[in-house]
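Input: a single structure, listed below in structure tokens.
The values are calculated or read from the model by the stated rules, or taken from the named source; none is laboratory data. Given the structure is predicted, the values throughout are model-derived calculations rather than measurements. Ideal geometry is used to build each Cβ from the backbone, glycine not excepted, and the neighbour counts take in all protein chains shown. All accessible areas refer to the heavy atoms of the entire protein, side chains included, with ligands and DNA or RNA removed. Shrake-Rupley method; radii C 1.70, N 1.55, O 1.52, S 1.80 Å.
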Amino acid sequence: MAIVGLDHVQVAAPPGCEGDARRFYGGLLGLAELPKPAALAGRGGTWFALGSGSGQQLHVGVDEDFAPALKAHPALLVAAGALEAVAERLVEAGCEVRWDDALPDVARFYVSDPWGNRLELMAAA
């Protein structure tokens with residue numbers, strides 16, 4: 001098979017989303033912002049690195065006809081032992097954290113980004 005991995009995942013957001021994206025994905029989740037290529041910068045949105053050295057990215061893309069993704073979602077791996085602290089930080093910021101124990105031995109929760117997109121955060125093994 002020629003597919004060798006995942007480069008990035010994109011979540012949609014409404015026009016003018018950049019400040020909230022930086023506060024949520026950068027500030028609360030601690031993702032490092034990446035510069036967008038000049039050819040794409042005019043489209044708006046922001047890009048973030050996922051982890052150190054993985055090369056994987058999360059892109060927040062502008063959608064003029066935005067509607068939040070309520071079911072489809074990225075699942076972000078959180079460093080071992082840090083999931084509870086991330087959940088606490090989100091709750092302190094006013095986010096609703098919804099823990100899920102449907103998968104045995106998998107610590108995880110769901111949260112919505114500032115525009116209502118569903119995200120899953122799970123503990124890395």
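A few comments on the model shown:
- With respect to (1) β-branched (Val, Ile, Thr); (2) open to solvent by 30 Å² or more (accessible area, probe 1.4 Å); (3) assigned to a strand (DSSP E or B), the lone exception for ILE3 is condition (3).
- In this entry, GLY61 is excluded by the filter for residues that are loosely packed, with under 11 Cβ neighbours inside 10 Å and out of contact with any Asp or Glu (no Cβ under 8 Å at 6 or more places or on another chain).
- Residues of the range 102-111 satisfying the condition of being open to solvent by 40 Å² or more (accessible area, probe 1.4 Å) and in contact (Cβ under 8 Å) with a residue 24 or more places away in the chain: ALA107
- Any hit, the range 17-35, residues being open to solvent by 60 Å² or more (accessible area, probe 1.4 Å) and in a strand (DSSP E or B): yes
The rows are residues; the columns are (1) in a loop (DSSP other than H, G, I, E, B); (2) touching a His at 6+ places or on another chain (Cβ under 9 Å).
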residue	(1), (2)
VAL9	no, yes
LEU40	no, no
LEU90	no, no
ASP105	yes, no
VAL111	no, no
PRO114	yes, no
LEU119	no, yes
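- Output for the range 78-99, where each listed residue is open to solvent by 50 Å² or more (accessible area, probe 1.4 Å) and modelled with pLDDT of 95 or more: GLU84, ALA85, GLU88, ARG89, VAL91, GLU92, ALA93, GLY94, GLU96, ARG98, TRP99
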